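The block underneath contains the structure these notes are about, expressed in structure tokens.
Nothing in this text is a laboratory measurement; each read-out follows from the coordinates by a stated rule. Values in this document were obtained by computation on a predicted structure and should not be read as measured data. Here the Cβ is made from the backbone with ideal geometry for all residues, glycine too, and neighbour counts use every protein chain on show.
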């Protein structure tokens, strides 16, 4: 150990090397003191970003959860929608066909109705003599009233009952009228046949 | 290990975060700490950064300082040594000489006892720069700071006998390098 300690060459070399080292900057301790004072202060600048970080993290979490739930809901409803659209697709096609048919057929029915109005009126007058029809027929009779109004004005109804008076002929009503017409013809034919049998 | 009354007061004040105590600590122990850092960290700017980190760390952990184990200067030297080595290890890979792999081998030649020789001093100066940072620090602590083996052992985190063998090995290594120059 003494041998190491007494190595004067090495000692001298190390001393020279140490002396060559640059001195410590004079303002280094001042800078360090400033740094220490800044670290001592519970700065708001440091706490605010932490709060912001937490808030953004929470916002991102909520957004992700919302997205996840929305996706799961849409994935559940999509197959159902697909099924319903698949079911409705042929129905829509048929509806289109029906609409087309109606467009073509509707004028003819109107013509028919226009021709048969007199007969219907006659039938209606006959019907009035007969006992009160069922609720459905009653509705039909009430709907026919505008047609009859041209022939003879109806007695004023009490204002309390505000009924809907259609401006256009109701297809259901027209069909009912046709049915009545057929029934009336049948009755007439039946009576004729009965008379012919009696005559014979 | 006994501690002076002034040092005890200084440590108390540092624990109370008194700015005057910090200034006193820096003024008294700063240059030695900076020198320790400079031995390991070659860049001046980096050395300043490490120096600041050393004192920030020291002031944070002043409560853990045990005067029974080491003096305040040795304790600060230990922090400086470790911080500097950590900095250097994080910056660049550590150079390992082939000789270091044969630690304690008999193949190493013992340096000759020589009188004061200018040429040898110059060669040794050049050889010192070729040592590893921790080796430079150890040899400087022993020859320049004239620290005891126990204190060097505390700083480096080893035992005095290991430091003695390390010094012997480093010295032999230096003379071996000189022969290659």
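The table below lists the values:
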item: Cα gyration tensor category, rounded, prolate or oblate, for segment B:5-91 with a/c compared to 1.5; result: prolate
item: Sequence of B:169, A:188, A:31 once ranked by neighbouring C-beta atoms within 10 Å, starting from the fewest; result: A:188, A:31, B:169
item: Theoretical gain in end-to-end length, residue A:3 to residue A:182 [0.36 nm per residue, Cα-Cα removed]; result: 50.3 nm
item: Exposure proxy ranking, count of Cβ atoms within 10 Å, fewest first, for B:57, B:91; result: B:91, B:57
item: Footprinting exposure proxy for B:171, B:176 (fewest neighbouring C-beta atoms within 10 Å first); result: B:176, B:171
item: At R0 = 30 Å, FRET efficiency that the Cβ-Cβ distance of residue A:67 and residue A:38 yields, to 0.05; result: 0.15
item: Average beta-carbon neighbours from other chains, 10 Å sphere, peptide A:19-28; result: 4
item: Nitroxide proxy distance, nm - points 7 Å out along Cα→Cβ at residue A:195 and residue B:176; result: 14.7
